[in-house]
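Asker: Can you read through this structure? Questions will come right after.
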Amino acid sequence: MSDTQQYPPGDYRAPVPVVRPGYGFRTMTDKLVSIVLTPTTPTSWFVVLGIGFTLMIGLVVALCYLLLKGVGIWGNNVPVGWAFDIINFVWWIGIGHAGTLISAILLLFKQDWRTSINRFAEAMTIFAVICAGLFPLIHTGRPWLALYWLFPYPNTMLLWPNFRSPLIWDVFAVSTYFTVSLLFWSVGLIPDLATFRDKAKQPVLKRLFGALSMGWRGSARHWVRYEKAYLLLAGLSTPLVLSVHTVVSFDFAVSVLPGWHATIFPPYFVAGAIYAGFAMVLTLAIPIRAMFKVPDFITLRHIENMAKITLLTGLIVVYGYLCEAFFGWYSANEYERFMLKNRVYYGPYAWSYWLLLLCNFIVPQVLWSKRQRRNIPVVFIVCMFVNVGMWLERFVIIVTSLHRDFLPSSWDMYYPTIWDFMTLAGTIGLFTTLMFLFVRLMPLIAIFEMKMLLPESQVKQPAGKESH
């Protein structure tokens, strides 16, 4: 069937446009600008922000108690020296991947459906990396020594005797990723901030948006330089999607610990990061779409396309699980085989492995159905399962590989404390607070990019003047 064929109303096979018809340049601008400049705010926004802010207060309390007492308040012990802090660090870094992927890679591949979701996906990247960056600092228990003892600078005291350590690579990979993502996001905001400056009525808002737009006038020279800078940053961001989580995976893969040193980890971690990232984008896009009444711009086509990518990357992740299990068996190493059996069959944490498969493998299979991919409640529930499953994946990799050491005399169980859970929930609250402040105070959807999708923006060649 062609996309132009007529379907009965409500038929799930009917093609969905990227932007619903009926909008022109002026009406689209007014609609998107009104989300920020309107004096009224949806009640649901206050509810979500209140929940996020409450959880963030819990984070402040947990961090204050941590600084007072030290990392002993956590459940970390001698065999499980890496626990919730590193689990959460890797989880948040992974969540930030979809923003860069949507903004940069889909831009380079000229996918027009990215335009409605790239702006808050980029913001999601920034806020997720901020949450991730907290954990290397608080992992020491003494953040005021973090820069001195943790930052890999050349010195005569040999604080970092092994500069080939992947922990050093993390510093440069994550900081570069954050810097380029921040530049990419802020540069993309400039034309829309100038639109807000021109539309704002209050003098204070005019001055604020005017300062943020950095004198943008919309001249041809500005547009040429903007497009060059935006494309250059997109090109710089693209390899970061692959490099950052690859470097994070080296924290485990270059070790000699059973369950960690697997060559499948770099591509497996990258696929898992994109998987978790797109699940989080959908988790945010679905309520934001309803809260600010923008189903004309975040259409079912966006939901369906992101669900397809989630399904694809989920299958790659499951393939990584199979490879990991096969390598453990095929290696014929007694320690690897013991770790595999302890993780999957009779270990005390085997429940987490099977719950992981339920969340990351079994539940997402409903997305094979086109009808279910366009069923918004179903997609939202699947994404919530994936969010939990990807956190459990990091729990399984770290805890089940550490709690049974080479010597049975050093075995011990890991039990997270209330402070571990408060820190995790607090970073979720910090992320939620920052995200919902952004969607209320800054351009939620890229206005000028959405205008490029309208029929009026398509330049038509005069008859007989087609280019060859």
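The values are calculated or read from the model by the stated rules, or taken from the named source; none is laboratory data. Keep in mind it's a predicted model, so treat the numbers as computed, not measured. Methodologically, a virtual Cβ is constructed for each residue, glycine included, from the backbone with ideal geometry; neighbour enumeration extends over all protein chains shown. The protein model used for the area step is the full one, side chains on, heavy atoms only, and it has no ligands, DNA or RNA in it. Shrake-Rupley method; radii C 1.70, N 1.55, O 1.52, S 1.80 Å.
Asker: What list of ³J(HN,Hα) values in whole Hz, one per residue of region 228-242 in order, does the Karplus curve 6.51 cos²θ - 1.76 cosθ + 1.60 (θ = phi - 60°) give from phi, with Gly and Pro shown as x?
Answerer: The phi angles translate into 5, 5, 5, 5, 5, 5, 5, x, 6, 6, 4, x, 5, 4, 7 Hz.
Asker: Calculate, for I57 and R142, the FRET efficiency according to 1/(1 + (r/R0)^6) with r their C-beta to C-beta distance and R0 30 Å; round to the nearest 0.05.
Answerer: Using R0 = 30 Å, I get an efficiency of 0.85.
Asker: Continuing with this model, one more query. From the cross-link list K228/K308; K199/K451; K370/K451; K110/K228, which pairs have alpha carbons spaced over 24 Å apart?
Answerer: Beyond 24 Å: K228/K308; K370/K451.
Asker: Fully extended, how many nm does the chain gain between R26 and A425 (0.36 nm per residue separation, minus their Cα-Cα distance)?
Answerer: 139.4 nm
Asker: Take W149 and D296, extend 7 Å from each Cα along the Cα→Cβ direction, and tell me the distance between the two endpoints in nm.
Answerer: Between W149 and D296, the label points sit 5.7 nm apart.
Asker: Further question on the same structure: Going toward the positive end of the dipole of the chain, with +1 on Lys and Arg Cβ and -1 on Asp and Glu Cβ, which of A350, G75, L300 do you reach last?
Answerer: L300
Asker: Simple spin-label model, 7 Å along Cα-to-Cβ: V204 to V378 in nm?
Answerer: Result for the modelled spin labels: 4.8 nm.
Asker: If you stretched the chain out fully between Y346 and I130, how much longer would it get, using 0.36 nm times the residue separation minus the C-alpha to C-alpha distance?
Answerer: Numbers: separation 216, 0.36 × 216 = 77.76 nm, distance 3.77 nm.
Residue separation times 0.36 nm, minus the Cα-Cα distance, leaves 74.0 nm.
Asker: Have a look at region 294-452 and give its Rg and Dmax from the Cα atoms, expressed in angstrom.
Answerer: Calculated on Cα positions, Rg and Dmax stand at 20.2, 66 Å.
Asker: Moving to a separate point now. Taking the square root of 5 times each eigenvalue of the Cα gyration tensor, what semi-axes in Å does the equivalent ellipsoid of the chain have, largest first?
Answerer: Gyration-tensor ellipsoid for the chain: 41, 27, 22 Å.
Asker: Can you tell me the dipole magnitude for the chain around its Cα centre, using point charges on the Cβ only (Lys, Arg +1; Asp, Glu -1), in Debye to the nearest 20?
Answerer: Around 1540 debye, computed over the chain.
Asker: Oh, and also: When the helices in the chain are scored as -39500 (n - 2.57) per DSSP H run of 4 or longer and the sum is shared across all residues, what 222 nm value do you end up with, to the nearest 500 deg cm²/dmol?
Answerer: -21500 deg cm²/dmol
Asker: Can I ask one more? Calculate the FRET efficiency for H222 and S409 from the Cβ-Cβ distance with a Förster distance of 51 Å, rounded to the nearest 0.05.
Answerer: 0.15
Asker: A further question follows. At 7 Å along Cα-to-Cβ for each site, give me the label-to-label distance between T40 and V256 in nm.
Answerer: 6.8 nm
Asker: Quick one: grab the alpha carbon gyration tensor of region 310-391, order the square roots of its eigenvalues as a ≥ b ≥ c, and give me rounded if a/c is under 1.5, else prolate or oblate depending on whether a/b is larger than b/c. Walk me through the numbers before you get to the answer.
Answerer: On the way: a/c = 4.00, a/b = 2.21, b/c = 1.81.
Prolate is the answer for region 310-391, as a/c is 1.5 or above and a/b outweighs b/c.
Asker: Note down, for region 81-176, the three equivalent ellipsoid semi-axes (square root of 5 times each alpha carbon gyration tensor eigenvalue), biggest first, whole angstrom. Walk me through the numbers before you get to the answer.
Answerer: Numbers: eigenvalues 208, 47, 21 Å².
Equivalent-ellipsoid dimensions as semi-axes: 32, 15, 10 Å.
Asker: Considering only protein heavy atoms, what per residue accessible area in square angstrom results for the chain with a 1.4 angstrom probe? If you can, show how the numbers build up before the last one.
Answerer: Details: 22210 Å² over 468 residues.
Counting only protein heavy atoms, the per-residue value for the chain is 47 Å².
Asker: Which angle from 0 to 90°, rounded to the nearest 10, does the C-alpha axis of helix 84-95 make with the longest principal axis of the chain?
Answerer: The helix 84-95 is inclined about 30 degrees to the chain.
Asker: Which of the trypsin sites (Lys or Arg not before Pro) across region 61-138 are loop residues per DSSP, with 12 or fewer other Cβ within 10 Å? Before the final figure, lay out the partial values.
Answerer: Values: sites: K69, K110, R114, R119; in loops: K110.
Qualifying residues, ordered by number: K110.
Asker: Averaged over every viewing direction, what's the projected area of the C-alpha convex hull for region 148-301? Give it in nm², one decimal, please.
Answerer: 14.8 nm²
Asker: Next question, about the same structure. For region 222-249 and region 51-90, write down the distance between their C-alpha centroids in whole Å.
Answerer: So the separation of the two Cα centres works out to 33 Å.
Asker: With N denoting the number of residues in region 411-457, provide Rg(C-alpha) divided by 2.2 N^0.38 Å, to two decimal places.
Answerer: Details: Rg = 20.6 Å, N = 47, 2.2 N^0.38 = 9.5 Å.
Here the answer is 2.17, to two decimals.
Asker: List the trypsin sites (Lys or Arg not before Pro) within region 191-233 that fall in a DSSP loop (any state other than H, G, I, E or B) and whose Cβ has at most 15 other Cβ atoms within 10 Å.
Answerer: K201, R217
Asker: Go through region 363-373 residue by residue and turn each phi into a ³J(HN,Hα) via Karplus (6.51, -1.76, 1.60, θ = phi - 60°); whole Hz please, and just put x for glycine and proline.
Answerer: 4, x, 5, 5, 6, 5, 7, 4, 4, 6, 5
Asker: Quick check: the angle from helix 265-291's long axis to the longest principal axis of the chain, C-alpha only, nearest 10 degrees?
Answerer: Helix 265-291 and the main axis of the chain meet at about 50 degrees.
Asker: For helix 25-37, report the angle its Cα long axis makes with the longest principal axis of the Cα atoms of the chain; keep it between 0 and 90° and round to the nearest 10°.
Answerer: That works out to roughly 50 degrees.
Asker: While we're looking at this one, here's another question. Share of region 259-391's accessible area from carbon and sulfur, percent, 1.4 Å?
Answerer: 72 percent
Asker: Ok, one more. Tell me, what ³J(HN,Hα) does each residue in region 299-313 have, in order and in whole Hz, if you take phi through Karplus 6.51 cos²θ - 1.76 cosθ + 1.60 with θ = phi - 60° and put x for Gly and Pro?
Answerer: With the stated coefficients, region 299-313 comes to 8, 5, 5, 5, 4, 5, 5, 5, 5, 5, 5, 4, 5, 4, 5 Hz.
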